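A.B. asks: Dropping the structure in here first, questions after.
Every number here is computed from the coordinates shown, using simple stated rules; none is lab data. Everything numeric here is computed off the predicted structure, so don't read it as measured data. Glycine also receives a Cβ, built like all others from the backbone with ideal geometry; neighbour counts cover every protein chain displayed.
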Amino acid sequence: MSARRDLLPPGLIEELKRLQDNVAPVPFAEVLPYVTEQCPVLGTCLQSIDPVPLAAASLSQVHGAVLADGTRVVLKLQRPGITETIEADIAILKRIAVQIERHFPELALYNPTGMVREFEEQIRRELDFVRDGQNADRLRENMRGIEGIRVPRVYWHLSGPRILVMERIDGVRADDREALRRLGIAGREVAEHGLAAYAKQLFEDGFYHADPHPGNLFVTPAGDLVFLDFGIMGVLRPEKRHAFIALLTGFVERDVDAIVHAMDTIGIAIPQGQTDHLKDELFLLVTQYRDLAIRQFDLGSLLGDGAELLRSNGIRFPSSLMRLLVVLMMVIDLGRTLDPGFRFTEQIEPYLRNAARRDLLSTEQAISSIRKVRDAAADTVALPGAIGAVARRFSRDPIEIDLVNDDFHRIQVMLDAAGDKILIGLVTAAIVIGSSLVLGRAAITLPGWITTIAGICYLGAVVIGFFAIYHVLRHGP
């Protein structure tokens, strides 16, 4: 939550950042059994272990050690009982999230239950140190060849589900500007290296370090940026990666149509009939930034304002996109921390152009295009056969169409009622006319009892007529 500037006020964010790597450690004796699980005879594996942790966070703590061959390493050891604590916390969070959505409907847009569910998935992955190590290996391979970037090596013969033994790389936190100044390190270079690393992760690999808070990023005395803690990694499928590149390009170029199209591709559901209104508001937003010079333009602020605009219009972000935007904001914040004059937009534009060009000419895109053409061709070839089959069905078998709809039943009821009223009206009119004819001749030729019956019928018809008029006026036709 210390990274969710879109949800929490700055003061609370600063307090939560203290929990990134500054939590009270547990006594070394309580975590030592995790080491002996992997190496029952410590002397055969390790020369020494420092009982005082180098850092302690909410799930684990890190101790310095020396392997039997003299290699300096760090031991990442899981906190005892943390699994039970997390299970209890998740149960509490789920109940809180449900109550928030029930009693504060205006907060439902933030999807509290979805946030808790995502947190649950992430925290369970973080508890598996084997997965953590595998992520480190994959990221290290992907970052090979990126200047100024290092990912520690994992020593698998001593690692397990609750202990991870990794290469020790000394350095200072990436946000410690004073320490960087003492080391004579130019923050701009480190920021540029970090941007290059994330551009490759996001725009090429689709596998990225999703928790880049300063406690997980070190800078060595040589100026290299070191990635640490690989429990939370993000994955971007190719089609989502292309859409994300298009979305960022739309914001950089302040292109409303491109932004809305990319949102649709990513899976941001815009309510029916609201697209034009959203485009108007996006246009007003990007217009505020359009006249700014590239050195003044702040993509981070624009993305934040864009996210707030979508929330105000009742449009919910997919959790995967929100995680991407949070990572991007953290990278921008880190760049500013390392170099207050760092121009993120100016730096990211070449990467976006290269990524768009690479995607357009990539083998993957070519294969996708060929597949679409093949499918379209197959559908075209099959079309005459399908039409022929339908024609044969019409000529051979009767076609039955079943319509089941409440509206048809209501129409039938209304027609029946109208028919009844017409019938009553016709019968009443016939009685009135017939009675009038009888009464007109009564004085000349007809007996008295017939005249009496005719009079009664006439009065009855008049009563029915008045009742029908009253019913129509009161209840409608």
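A.B. asks: Taking neighbour Cβ counts within 10 Å as the exposure measure, how do 200, 279 sort from fewest upward? Intermediate results must be reported in sequence, preceding the final value.
C.D. replies: Working: 200 19, 279 15.
The fewest-first ordering by Cβ neighbours comes to 279, 200.
A.B. asks: For 244, 104, which order do you get if you count the other beta carbons within 10 Å of each Cβ and list the fewest first?
C.D. replies: Working: 244 23, 104 11.
Least crowded to most crowded, the residues run 104, 244.
A.B. asks: A 27 angstrom limit on the alpha carbon distance is what I want to check against. Which of 17/279; 94/200; 76/240; 240/279 exceed it?
C.D. replies: The answer is 17/279; 94/200; 76/240.
A.B. asks: Would you kindly derive the ³J(HN,Hα) couplings of segment 119-128 from the backbone phi angles with the Karplus curve 6.51 cos²θ - 1.76 cosθ + 1.60 (θ = phi - 60°), listing them in order in whole Hz, with x for Gly and Pro?
C.D. replies: Result, rounded to whole Hz: 4, 4, 5, 5, 5, 5, 5, 5, 6, 9.
A.B. asks: While we're looking at this one, here's another question. What FRET efficiency comes out for the pair residue 357/residue 288, r = Cβ-Cβ distance, R0 = 25 Å, nearest 0.05?
C.D. replies: 0.30
A.B. asks: Once the Cβ-Cβ distance between residue 84 and residue 189 is put in as r, and R0 is 51 Å, what FRET efficiency do you end up with, to the nearest 0.05?
C.D. replies: The calculated FRET efficiency here is 0.70.
A.B. asks: Read phi for every residue in segment 217-232 and hand back ³J(HN,Hα) as whole Hz from Karplus 6.51 cos²θ - 1.76 cosθ + 1.60, θ = phi - 60°, with x for Gly and Pro.
C.D. replies: These are the phi-based 3J(HN,Hα) values: 10, 10, 10, 7, x, 7, x, 7, 8, 10, 8, 10, 6, 10, x, 10 Hz.
A.B. asks: Would you kindly derive the ³J(HN,Hα) couplings of segment 256-268 from the backbone phi angles with the Karplus curve 6.51 cos²θ - 1.76 cosθ + 1.60 (θ = phi - 60°), listing them in order in whole Hz, with x for Gly and Pro?
C.D. replies: Karplus values, whole Hz, x for Gly and Pro: 5, 4, 5, 5, 5, 5, 5, 4, 5, 5, 5, x, 7.
A.B. asks: Assuming a ≥ b ≥ c are the square roots of the Cα gyration tensor eigenvalues, decide whether segment 136-242 counts as rounded (a/c under 1.5), prolate (otherwise, with a/b larger than b/c) or oblate.
C.D. replies: Here segment 136-242 falls in the oblate category.
A.B. asks: For a quick protection proxy, order the peptides 54-63, 115-124, 307-316 by their average other-Cβ count within 10 Å, most packed first.
C.D. replies: In descending order of packing, they fall as 54-63, 115-124, 307-316.
A.B. asks: Mind sorting 190, 172 by how few other Cβ atoms lie within 10 Å of their own Cβ, fewest first?
C.D. replies: Exposure proxy ranking, most exposed first: 172, 190.
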